[in-house]
1. Any residue at all in region 138-148 that's in contact with a Lys or Arg (Cβ under 8 Å, 6 or more places away or on another chain) and farther than 16 Å from Pro47 by Cα?
2. Look through Asp116, Asp72, Asp91 and report the one residue that is more than 17 Å from the chain's Cα centre (by Cα) and either charged (D, E, K, R) or buried (at least 21 other Cβ atoms within 10 Å of the Cβ) (or both).
3. What are the residues in region 149-182 that are under 22 Å from Leu112 (Cβ atoms), of a type in the set (A, V, I, L, M, F, W, C) and part of a helix (DSSP H, G or I), if any?
4. Based on what the data block shows, is Asp170 closer than 27 Å to Leu62 by Cα, surrounded by 15 or more Cβ atoms within 10 Å (Cβ to Cβ) and out of contact with any strand residue (DSSP E or B) (no Cβ under 9 Å at 6 or more places or on another chain)?
5. Report every pair of residues separated by at least 6 positions or lying on different chains whose Cβ atoms are under 7 Å apart, first residue within region 53-78 and closer than 29 Å to Glu142 by Cα, second among the acidic types (Asp, Glu) and assigned to a helix (DSSP H, G or I).
6. Please verify whether region 67-81 includes one or more residues that are hydrophobic (A, V, I, L, M, F, W, C), under 14 Å from Ile188 (Cα atoms) and part of a loop (DSSP other than H, G, I, E, B).
7. Considering region 41-64 alone, what residues qualify as being of a type outside the set (S, T, N, Q) and closer than 14 Å to Val187 by Cβ?
8. When the residues of region 45-66 are narrowed to those that are in a loop (DSSP other than H, G, I, E, B) and surrounded by fewer than 16 Cβ atoms within 10 Å (Cβ to Cβ), which ends up farthest from the chain's Cα centre (by Cα)?
Amino acid sequence: MANIAAPIDQFMRVIITRIAASAPAGAALESISTVNMTAPTIEVTFPGIRILEQTPDAIRSLLTHATKDDLDWQPSDDRWSISMVLAHLADVEVKGFVSRFHAIATEENPFLPAYDQLALFHSSAHFDGLAELDEFERRRRETLAWLKSLPPYVGARAGRHEQLGSLTFDQLLNEFAFHDLGHIRQVIELYRSHAFYPNMGAFRDYYKIHP
């Protein structure tokens, strides 16, 4: 993965070029120096922020004793392994979420290109699951540092998705948390199906797995 990191203060200055807590809902964000630090922020008003915070640790905890075979196992050629899921999470953090959040927050009704989640896998590259998790965790920390600084009114700002049409910052934020939970569930199903299900003997008759 390419290193897109910057120190948090630099990252925020690059992305939040115009921010002001007193600006009207339709206005672009003003200078970071004008932020009212006592005003409510997305950290306070969006309940899904805790999910976004916990996702990297939740996945890491689940996979504490996972083997390389567990991480690299694919149920079929057209299904992802855990390592592929983790590579996707690191990739979509920037290309599917942060880039769109940034555009909506700083531009007037920006065009939002579609994200091809399969493009990452078009090459024959092998993914190191734990390294991908490290990269995802680093990127998520930077994403949250920025999101938590934003005032709630940014949620009403909108952009034009290439395939879906108009969508707001708040709608994308809700999809962000929903997306996390879906992939946590996917990681759980892949892990239990490979690490434990084959060794359950007759108990397998009680379960249907969908890895």
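1. Taking every residue of region 138-148 in turn, none turns out to be in contact with a Lys or Arg (Cβ under 8 Å, 6 or more places away or on another chain) and farther than 16 Å from Pro47 by Cα.
2. Just one listed residue meets the conditions, Asp72.
3. Val154, Ala156, Phe169, Leu172, Leu173, Phe176, Ala177, Phe178 - these are the residues of region 149-182 that are under 22 Å from Leu112 (Cβ atoms), of a type in the set (A, V, I, L, M, F, W, C) and part of a helix (DSSP H, G or I).
4. No, not satisfied.
5. Thr55/Asp180; Pro56/Glu137
6. Among the residues of region 67-81, at least one is hydrophobic (A, V, I, L, M, F, W, C), under 14 Å from Ile188 (Cα atoms) and part of a loop (DSSP other than H, G, I, E, B), which makes the answer yes.
7. Matches in region 41-64: Pro56, Asp57, Ala58, Ile59, Arg60, Leu62, Leu63.
8. His65
The values are calculated or read from the model by the stated rules, or taken from the named source; none is laboratory data. Note that the coordinates shown come from a computational prediction; the quantities given were computed from them, not determined experimentally. Note that we place each Cβ from the backbone using ideal geometry, even for glycine, and neighbour counts take in every protein chain shown.
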